[in-house]
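Worksheet for the structure shown next.
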Amino acid sequence: AVADVFRQNLRRVVVLFLGGGLMCAVGCVDDARGMRSLHKLFAQIAVGILAFLCGYQIDVVQLPLLGHLSMGVFAMPITVLWVVGIINAVNLIDGLDGLAAGVVFFAALTNFVVAQVAGAVLAALFMAATMGAVVGFLFYNFNPARIFMGDSGSYFLGFVLAATSLAGAPKASTPVAL
């Protein structure tokens with residue numbers, strides 16, 4: 001059943017794996033040798049544009065009392081800002097043992113529930129896998145931490161969380177994530 005869902009959404013699956021891999025590679029280089037902030041930002045913007053072009057988009061946002069707000073020509077900049085913002089938010093909270101992984105777990109749990117309610121099987125699968133990986137990591141990352149996430153892990157998790165929150169659930173998932 002999982003393979004069928006992946007085959008039906010092959011482009012989105014490939015982009016999620018490719019974007020996550022690129023963000024992980026950027027983080028590895030930054031962890032090992034250090035990178036200039038501008039180069040990291042350009043890589044994040046490029047991955048955000050790739051995600052937008054392959055269907056991970058914020059097209060409409062539902063605002064309380066105002067109804068649906070169509071993004072129109074601002075869909076791409078808003079989506080890229082969302083992806084870059086979530087990647088950097090996860091990276092910034094990766095300072096205390098277990099903090100970033102714990103926050104990602106609960107954000108993934110929220111997105112998992114929204115995806116289940118909305119019937120977005122692909123998003124639910126991605127979030128379930130993310131929660132499982134983070135729980136496995138947390139056993140070794142609680143104080144005193146034996147392993148650390150680093151930029152490679154935080155960039156990867158930030159991208160997966162940002163993209164999956166836009167992965168096909170009816171537009172209800174974006175306001176919940178916001």
Residue tally, condition loosely packed, with under 11 Cβ neighbours inside 10 Å and closer than 11 Å to Gly55 by Cα, over the stretch 1-10: 0
Among all residue pairs at least 6 apart or on different chains, which show Cβ distances below 6 Å where the first residue, located in the stretch 83-95, is over 9 Å from Ser154 (Cα atoms) and the second is modelled with pLDDT of 90 or more and open to solvent by less than 50 Å² (accessible area, probe 1.4 Å)? Val83/Gly48; Val83/Ala51; Val83/Ala162; Val84/Gln44; Val84/Gly48; Ile86/Gly158; Ile86/Leu161; Ile86/Ala162
Testing Phe148 on (1) more than 13 Å from the chain's Cα centre (by Cα); (2) assigned to a helix (DSSP H, G or I); (3) closer than 12 Å to Ala101 by Cβ, one condition comes back false. Which one is that? (2)
Look at Gly85 and say whether it is within 30 Å of Asn143 (Cα to Cα) and touching a Phe, Trp or Tyr at 6+ places or on another chain (Cβ under 6 Å). no
How many of the residues in the stretch 27-64 are under 15 Å from the mean Cα position of the chain (by Cα) and either under 16 Å from Ile78 (Cβ atoms) or not small (Gly, Ala, Ser) (or both)? 13
What do you reckon, is Gly19 open to solvent by less than 60 Å² (accessible area, probe 1.4 Å), in contact with a Cys (Cβ under 9 Å, 6 or more places away or on another chain) and in a helix (DSSP H, G or I)? yes
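Residue by residue, here is whether (1) in contact with a Ser or Thr (Cβ under 8 Å, 6 or more places away or on another chain); (2) closer than 26 Å to Leu38 by Cα; (3) not basic (Lys, Arg) holds:
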position	(1), (2), (3)
Met76	no, yes, yes
Val80	no, yes, yes
Val83	no, yes, yes
Val104	yes, yes, yes
Leu109	no, no, yes
Val117	no, no, yes
Leu122	no, no, yes
Phe126	yes, no, yes
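The values are calculated or read from the model by the stated rules, or taken from the named source; none is laboratory data. Note that this is a predicted model, so its numbers are computed, not measured. Here the Cβ is made from the backbone with ideal geometry for all residues, glycine too, and neighbour counts use every protein chain on show. SASA here: full protein model, heavy atoms, side chains in, ligands and nucleic acids out. Shrake-Rupley method; radii C 1.70, N 1.55, O 1.52, S 1.80 Å.
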